[in-house]
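Heads up: the structure comes next, in structure tokens.
The values are calculated or read from the model by the stated rules, or taken from the named source; none is laboratory data. Because the structure is predicted, anything quoted here is derived from the model rather than measured. With ideal geometry, Cβ positions are generated from the backbone for all residues, glycine too; neighbour counts draw on all protein chains shown. Ligands, DNA and RNA are excluded from the accessible area calculation, which covers all protein heavy atoms including side chains. Shrake-Rupley method; radii C 1.70, N 1.55, O 1.52, S 1.80 Å.
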Amino acid sequence: MKVDKRVLIVEDEIKLRELIADYLEAEGLTWLEAENGDEAVALFRESKPDLVILDIMMPGLDGYDVCEEIRKQSDVPVLFLTAKGEEEDKLLGYDLGADDYMTKPFSPKVLAAKVKALLRRAEVPRIERSDAAGRQLDMSGMRIDIAGREVALDGAPLAISPKEFDLLLFFASHRNIVLSRDRILEHVWGFDYDGDARTVDTHVKRLRQKLGTRAEWIATLRGNGYRFKVTT
């Protein structure tokens with residue numbers, strides 16, 4: 001992994017920002033900082049960082065709002081760092097496009113390790129998008145533009161989150177194959193993801209809702225996982 005990466009730290013506690021910055025700098029990473037959501041959105045647009053560490057409870061725009069704004073323009077990794085540790089909060093964060101989640105209090109060393117892992121993982125999609133320029137998957141009225149990370153159903157754009165796109169692409173690339181939740185987690189969320197496997201079920205449910213009449217393409221196999229059943 002290259003070390004010329006910039007991380008945006010969004011946290012309203014100055015001492016915590018300084019602590020995180022020290023550990024990132026020790027790993028050879030550069031950093032930017034914002035103390036509230038509004039400042040974070042403006043700084044993100046201006047500086048285009050490679051990763052965002054994002055607190056949830058902040059003045060003005062909260063972390064969820066900031067994540068939504070980021071996802072409208074970028075798929076850079078977002079790591080939530082927050083005191084909100086309930087399962088529902090985590091699932092909401094993942095649904096909005098977060099890539100990882102750490103609950104306060106936390107280990108700065110573990111945080112730095114997660115940041116490095118997310119940056120390494122982010123390199124893979126960039127390479128794939130470069131190699132896949134112009135590549136598309138077409139099946140029964142659905143077109144997946146791999147390079148542009150866009151999906152269309154019967155010619156109409158399908159509004160899905162970055163993580164839903166990754167999940168759909170993984171399904172479409174492994175048609176008619178039984179995929180366990182663990183395998184899906186490993187390939188879509190990453191081998192170092194330490195969350196609950198039920199996040200797969202949550203994302204599948206939302207993806208089915210957006211697929212509408214094609215929802216039946218994603219078949220549930222009790223005790224085994226899922227299978228994407230498309231023949232054309």
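Within the stretch 89-102, if we keep just the residues that are modelled with pLDDT of 80 or more and part of a loop (DSSP other than H, G, I, E, B), the residue that is nearest to ALA122 (Cα to Cα) turns out to be ASP99.
Would you mind stating whether GLY28 is over 20 Å from SER161 (Cα atoms), open to solvent by 10 Å² or more (accessible area, probe 1.4 Å) and of a type in the set (Gly, Ala, Ser)?
When the stated conditions are applied, GLY28 passes them.
Put simply, of ALA197, ALA159 the only residue that is open to solvent by 60 Å² or more (accessible area, probe 1.4 Å), of a type in the set (A, V, I, L, M, F, W, C) and within 17 Å of the chain's Cα centre (by Cα) is ALA159.
Take ALA122 and decide whether it is modelled with pLDDT under 75, assigned to a helix (DSSP H, G or I), open to solvent by less than 70 Å² (accessible area, probe 1.4 Å) and aliphatic (A, V, I, L, M). For ALA122, the condition - modelled with pLDDT under 75, assigned to a helix (DSSP H, G or I), open to solvent by less than 70 Å² (accessible area, probe 1.4 Å) and aliphatic (A, V, I, L, M) - is met.
For the stretch 138-146, state whether one or more residues are at pLDDT below 80, of a type in the set (Asp, Glu), out of contact with any helix residue (DSSP H, G or I) (no Cβ under 6 Å at 6 or more places or on another chain) and open to solvent by less than 70 Å² (accessible area, probe 1.4 Å).
Kept after step one, since they are at pLDDT below 80, are these residues of the stretch 138-146: none.
Looking through the stretch 138-146, none of the residues is at pLDDT below 80, of a type in the set (Asp, Glu), out of contact with any helix residue (DSSP H, G or I) (no Cβ under 6 Å at 6 or more places or on another chain) and open to solvent by less than 70 Å² (accessible area, probe 1.4 Å).
Rundown of residues vs (1) β-branched (Val, Ile, Thr); (2) buried (at least 23 other Cβ atoms within 10 Å of the Cβ); (3) within 19 Å of the chain's Cα centre (by Cα), yes/no style:
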| residue | (1), (2), (3) |
| --- | --- |
| VAL7 | yes, yes, yes |
| LEU32 | no, no, no |
| ASP65 | no, no, yes |
| ILE70 | yes, yes, yes |
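For the stretch 72-88, what are the residues that are out of contact with any Gly (no Cβ under 8 Å at 6 or more places or on another chain) and at pLDDT 75 or above? Residues satisfying the conditions are LYS72, GLN73, SER74, VAL76, PRO77, LEU79, LEU81, ALA83.
The rows are residues; the columns are (1) free of Cβ contacts under 8 Å to residues at least 12 places away in the same chain; (2) in contact with a helix residue (DSSP H, G or I) (Cβ under 7 Å, 6 or more places away or on another chain); (3) not hydrophobic (A, V, I, L, M, F, W, C).
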{"position": "ARG17", "(1), (2), (3)": "no, no, yes"}
{"position": "GLU33", "(1), (2), (3)": "no, yes, yes"}
{"position": "GLY37", "(1), (2), (3)": "no, yes, yes"}
{"position": "ILE56", "(1), (2), (3)": "no, yes, no"}
{"position": "TYR64", "(1), (2), (3)": "no, yes, yes"}
{"position": "ARG71", "(1), (2), (3)": "no, yes, yes"}
{"position": "SER74", "(1), (2), (3)": "no, no, yes"}
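Any residue at all in the stretch 173-189 that's open to solvent by 60 Å² or more (accessible area, probe 1.4 Å), of a type in the set (Val, Ile, Thr), touching a strand residue (DSSP E or B) at 6+ places or on another chain (Cβ under 6 Å) and not in a loop (DSSP other than H, G, I, E, B)? For the stretch 173-189, residues open to solvent by 60 Å² or more (accessible area, probe 1.4 Å), of a type in the set (Val, Ile, Thr), touching a strand residue (DSSP E or B) at 6+ places or on another chain (Cβ under 6 Å) and not in a loop (DSSP other than H, G, I, E, B): present. Quick one: in the stretch 203-219, which of the residues that are loosely packed, with under 15 Cβ neighbours inside 10 Å and in contact with a helix residue (DSSP H, G or I) (Cβ under 8 Å, 6 or more places away or on another chain) is farthest from VAL178 (Cα to Cα)? The qualifying residue farthest from VAL178 (Cα to Cα) is GLN209.
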